[in-house]
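Encoded as structure tokens, the structure appears first; notes follow it.
The values are calculated or read from the model by the stated rules, or taken from the named source; none is laboratory data. Computed from a predicted model, the values in this text were never measured in an experiment. Cβ placement follows ideal geometry from the backbone for every residue including glycine, while neighbour counts extend to all protein chains displayed. Areas reflect the complete protein model, heavy atoms only, side chains present, ligands, DNA and RNA absent. Shrake-Rupley method; radii C 1.70, N 1.55, O 1.52, S 1.80 Å.
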Amino acid sequence: MFNEKQLVLNRRLFIQGCTAAGVGACGAMSSLSAVAAAKVTMGFIYVGPRDDYGYNQAHFEGKSALAKLDWAKAVDEENVPETIEVQKTMESMINLDGAQVLFPTSFGYFDPHILAMAKRYPEITFLHCGGLWDAQKHPKNVGSYFGYIDEPVYVAGVVAGHMSKSKKLGFIAAMPIPQVLRNINSFALGARSADPSVTVTVVFTGGWSNPVKEAESANSLIDQGADVLTCHVDSPKVVVETAEKRGVFSCGYHTNASVLAPKGFLTGAEWNWSGVYTNYAQLIRDGKPIPNLIRGGLKEGVVKVSPYGSAVSPAAKEAADAVIKQFMEGNMVVYKGPIKDNTGKEVIAAGAQHAQQDIWLESMDWLAEGVVGTTK
Amino acid sequence: MQDVSFWTVIIAVLGGAIRVGTPFIFVSLGECLTEKSGRINLGLEGNLVMGAMVGYAVSYLSGSPWLGVLAAAGSGCVLGILHALLCQHKRVNDIAVGIALMLFASGLAFFYGKPFIQPSAPRLPSLEFGEWSSSPVVRAALDINALFFVGAALAPLLSWFLLRTRWGNAVRVVGESGDAALAMGIPINRVRLLSTMAGGAFAGVGGCYLSLYYPGSWSEGLSSGQGLMAVALVIFARWNPMYCLYASLLFGAAAALGPALQSVGINWGYYLLNAAPYILTLVIMIVTSDRRGTLSGMPGEFVK
């Protein structure tokens with residue numbers, strides 16, 4: 001709000017000045033670029049609504065944090081499909097809003113849309129949320145940033161493992177892509193670190209936003225005895241609310257969902273984009289080079305754990321806090337052998353380990369022991 | 001163990017048929033009535049989305065979910081009237097108007113629905129018929145919303161109305177032959193207006209079932225084409241309200257099957273199972289297609 005007011009004021013003053021000098025006709029045009037150059041202008045594009053308690057809201061909250069900086073201006077557009085539409089949106093942000101940096105946040109925006117626009121506008125920087133940038137293949141004005149959200153998911157798993165009485169947990173997932181599988185596995189590993197008899201049943205809904213199917217999956221899992229539910233879909237609202245209605249526990253994802261389930265909400269994994277976006281804005285303002293790859297977990301502050309719900313027992317809190325401490329110190333490795341997949345095959349040998357930064361984890365195509373489900 | 005899972009799947013699918021199928025009942029009955037009067041209203045998807053938003057918003061603002069249902073029916077009414085008024089002019093194509101209204105209503109609902117995505121509105125209560133059972137599965141499946149019974153009663157009622165009442169006859173005459181209706185002195189436009197209006201109201205109620213009961217929150221991806229599927233459903237239900245009811249339940253069951261099987265660990269081909277309702281539509285369309293060109297039960301006005 002504050003930014004826009006200031007922008008209007010500047011423009012008005014400028015035009016007044018121009019008119020006085022007798023160049024009013026061109027004043028309106030040049031004033032825009034003059035203001036834009038003084039400010040860092042960033043454009044954000046979301047695939048869904050920005051207030052869905054989910055992935056898009058997390059980015060929107062990050063964008064909103066920029067409003068506190070009086071030298072930055074952030075524009076955004078929601079509900080932009082992963083089609084040629086996103087190219088039009090990017091083009092209008094560049095040409096009409098004067099954006100210097102674009103943050104198209106959805107996974108499917110990258111190829112071919114960002115890559116095509118990056119070639120057309122080599123002076124603009126495109127930063128994509130996801131892990132897809134490859135130095136050999138992709139232009140230099142493109143970059144990726146992403147967080148190791150499976151760290152707080154692991155912590156949520158620890159809490160869920162402690163709190164479950166039936167020892168059956170439910171995971172509602174959109175589709176079996178590596179990112180999703182990694183969250184499922186981390187949740188299961190966390191839960192089974194608390195109690196090795198726990199199983200996690202996965203239901204894939206086949207889409208990022210399909211409320212009816214999500215509700216149906218949640219009900220089916222509860223019918224089968226699951227007493228803690230979590231999810232990896234665009235918005236956890238339906239899953240968390242259904243769990244609350246049926247009287248079972250839930251763990252959130254993307255943003256803090258505790259208000260949706262005051263009784264049964266345990267904890268959850270959240271993004272912390274405010275810090276990331278503010279850092280980017282600072283780099284641009286100072287004219288420093290923008291790194292093509294930014295990654296981080298709990299320690300770097302890219303992700304965080306939701307505050308524990310009222311139902312969480314002291315023992316569960318203690319166990320989870322201990323794990324968080326290890327993450328913060330940088331000693332925690334989730335994928336440490338021996339780990340078997342759910343067909344009994346050993347995927348990580350005893351003694352071997354894959355730290356978070358390990359690129360191998362980003363091509364995950366297996367489900368860990370204790371997970372009921374298949375990636376096929 | 002395997003046996004127990006089998007029964008829980010069956011019960012979950014039956015429960016799902018009712019939970020997921022209810023909005024289909026309302027939209028398909030609404031479309032059935034409209035089409036019987038000789039108009040196709042493809043815009044019911046828009047009515048569904050609008051009804052979902054208006055119902056949720058009114059329930060949130062007033063604190064009464066039943067007031068939300070009424071408001072949703074009202075919003076459907078208004079959209080129905082709009083469709084009928086536009087279509088009564090010469091050379092106006094009802095299908096094109098329907099598509100335009102669908103886009104218009106969805107866009108309007110998304111725009112005005114923005115502030116209602118986050119807050120939690122009071123939901124419609126459900127009737128618990130499973131009190132007697134100790135099994136949580138049975139109890140969950142028998143947790144049935146009153147709107148389902150309204151919908152289920154509406155089907156025979158609409159059947160009776162169309163076949164046995166004078167007004168119903170008027171609707172059918174207007175749908176079968178405009179010329180005959182003119183000769184009989186039936187006001188064609190007024191009959192179509194009332195039919196489209198009532199049909200629109202049904203679809204609006206179907207929408208608020210989505211937002212106020214199941215899945216029970218307003219979001220922009222809530223409908224994902226259910227209104228359009230319900231319109232297609234009318235065709236293979238042969239414009240018969242009772243068949244509309246059965247077909248809706250079948251669709252609900254098909255949608256519930258995928259999640260139910262996965263939750264007991266049967267993961268074979270879940271992509272296929274998730275697509276089950278759509279495949280079902282295509283298969284039924286092909287199986288029931290008629291070589292002679294017209295379908296039995298189709299209002300005569302469509303053939304012209």
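Looking only at B:TYR271, B:TYR112, B:TYR243, which one moves most when chain B is put into a Gaussian network model with springs between Cα atoms under 10 Å? Greatest mean-square fluctuation among the candidates belongs to B:TYR271. Given in Å, the Rg to one decimal and the Dmax to the nearest whole number for the Cα atoms of region A:76-185 are 18.0, 57.
At q = 0.13 Å⁻¹ the log10 of I(q)/I(0) for region A:34-112 amounts to -0.38, computed by Debye summation with a single uniform scatterer per C-alpha, solvent ignored. With a 1.4 Å probe and every protein chain kept in, tell me what percent of the accessible surface of the protein assembly as shown is carbon plus sulfur. On the protein assembly as shown, the fraction of accessible area on carbon and sulfur atoms equals 63 percent.
Taking chain A as a Gaussian network of alpha-carbon nodes connected by springs under 10 Å, the highest mean-square fluctuation of the residues A:ALA173, A:ALA350, A:ALA188 belongs to A:ALA350. The alpha carbon centroids of region B:8-33 and region A:197-274 are separated by 23 Å.
Rule-of-thumb check for region A:156-292: C-alpha Rg over 2.2 N^0.38 Å?
On the way: Rg = 16.7 Å, N = 137, 2.2 N^0.38 = 14.3 Å.
Cα Rg divided by the expected 2.2 N^0.38 Å: 1.17.
Determine, from the Cβ-Cβ distance of B:TRP132 and B:ALA153 and an R0 of 30 Å, the FRET efficiency 1/(1 + (r/R0)^6), rounded to the nearest 0.05. Taking R0 as 30 Å, the efficiency between B:TRP132 and B:ALA153 is 0.80.
Placing +1 on the Cβ of every Lys and Arg and -1 on the Cβ of every Asp and Glu, with nothing else charged, gives the protein assembly as shown a dipole about its Cα centre of roughly 1140 debye. Rounded to the nearest 0.05, what FRET efficiency do B:ILE81 and A:LYS263 have when you use their Cβ-Cβ distance and R0 = 51 Å? The computed FRET efficiency comes out at 0.70.
Sort the following peptides by mean Cβ neighbour count (other Cβ atoms within 10 Å, averaged over residues), highest first: B:133-141, A:352-360. Provide the component values of the computation, followed by the final result.
Numbers: B:133-141: 17.2, A:352-360: 13.2.
My ranking of the peptides, most packed first, is B:133-141, A:352-360.
When A:LYS288, A:LYS168 are compared by accessible area of protein heavy atoms, the largest-first order is A:LYS288, A:LYS168, using a 1.4 Å probe. Summing both sides, the accessible surface hidden between A and B at a 1.4 Å probe radius is close to 3000 Å².
Ordering A:ILE94, B:ILE99 by accessible area with a probe of 1.4 Å, largest first, what comes out?
B:ILE99, A:ILE94
Could you give the Stokes-Einstein D for region B:1-100 in µm² per second, using the C-alpha Kirkwood radius, 10 °C, 1.306 mPa s? Before the final figure, lay out the partial values.
On the way: Rh = 15.7 Å.
For these conditions, the coefficient is 101 µm²/s.
With protein chains left intact and a 1.4 Å probe, residues in chain A average 40 Å² of accessible area per residue.
By the compact-protein rule of thumb, 2.2 N^0.38 Å, the alpha-carbon radius of gyration of chain A corresponds to a ratio of 1.09.
Using only the Cα atoms of region B:71-174, build the gyration tensor, take square roots of its eigenvalues as a ≥ b ≥ c, and label the shape rounded, prolate or oblate: rounded if a/c is under 1.5, else prolate if a/b is larger than b/c, else oblate. Intermediate results must be reported in sequence, preceding the final value.
Values: a/c = 3.50, a/b = 1.37, b/c = 2.55.
Oblate, since a/c reaches 1.5 and b/c is not below a/b.
Here region A:143-211 is assigned +1 on the Cβ of each Lys and Arg and -1 on the Cβ of each Asp and Glu. Its dipole about the Cα centre then comes out at about 240 debye. Comparing the full protein assembly with the isolated chain, the residues of region B:253-281 losing at least 30 square angstrom of accessible surface (1.4 Å probe) are B:PRO259, B:GLN262, B:SER263, B:ASN267, B:TYR270, B:TYR271, B:ASN274. Starting from the Cα gyration tensor of the protein assembly as shown, take the square roots of the eigenvalues, sort them a ≥ b ≥ c, and report rounded, prolate or oblate (rounded when a/c is under 1.5, otherwise prolate if a/b is larger than b/c, else oblate). Cα axes put the protein assembly as shown in the oblate bin. Rg and Dmax of chain B, based on Cα coordinates, read 19.7, 68 Å.
Give me the percent relative contact order of chain B, please, defined on Cα pairs under 8 angstrom at least 6 residues apart. Working shown, then result.
Numbers: 555 pairs, mean separation 109.3, N = 304.
It rounds to 36 percent for chain B.
Put the Cα centre of region A:357-376 next to the Cα centre of region B:186-226 and the gap is 43 Å. Of the whole protein surface, A:ILE149 contributes about 10 Å² of accessible area at a 1.4 Å probe radius.
Here the simple spin-label model places points 7 Å from the Cα toward Cβ, and for B:TRP160 and B:VAL287 these points are separated by 3.1 nm.
As an exercise, take the mean of 1/r over every pair of distinct alpha carbons in region A:127-221, invert it, and state the Kirkwood radius in angstroms. Spell out each step's value before the answer.
Working: mean 1/r = 0.0670 Å⁻¹.
So the Kirkwood estimate lands at 14.9 Å.
With the highest mean first, a sort of the peptides A:233-246, A:116-129 on other beta-carbon atoms found within 10 angstrom per residue produces A:233-246, A:116-129. For A:LYS167, a cut-off of 27 angstrom between C-alpha atoms picks up these lysines, skipping any fewer than 8 places away in its own chain: A:LYS213, A:LYS237, A:LYS245, A:LYS263, A:LYS304, A:LYS317, A:LYS325, A:LYS336, A:LYS340, A:LYS345, A:LYS376.
Solvent exposure of chain B, expressed per residue, is 43 Å² of accessible area, with all protein chains present and a 1.4 angstrom probe.
For B:LEU272, the accessible surface of its heavy atoms amounts to roughly 100 Å² (probe 1.4 Å, protein chains only, rounded to the nearest 10). Annotation: amide H-H contacts under 5 Å for A:GLN353 (H modelled 1.01 Å from N, sequence separation of 5 or more, or interchain): A:GLY337. Contact-buried residues of region B:98-124, at a threshold of 30 Å² lost accessible area versus the chain by itself: B:LYS114, B:ILE117, B:GLN118 (1.4 Å probe; DNA, RNA and ligands ignored). When the Debye formula is applied to the Cα atoms of region B:134-279, each taken as the same point scatterer, what base-10 log of I(q)/I(0) results at q = 0.11, 0.12 Å⁻¹? One equal scatterer on each Cα of region B:134-279 leads to -0.57, -0.66.
Computed with a 1.4 Å probe over protein heavy atoms only, the accessible area of A:THR255 comes to about 10 Å².
As a test of reading the structure, rank A:ASP365, A:ASP70, A:ASP341, A:ASP134 by solvent-accessible area (1.4 Å probe, protein chains only), most first. Could the numbers behind the result be given before it?
Numbers: A:ASP365 105, A:ASP70 80, A:ASP341 15, A:ASP134 50 Å².
These residues rank, largest area first, as A:ASP365, A:ASP70, A:ASP134, A:ASP341.
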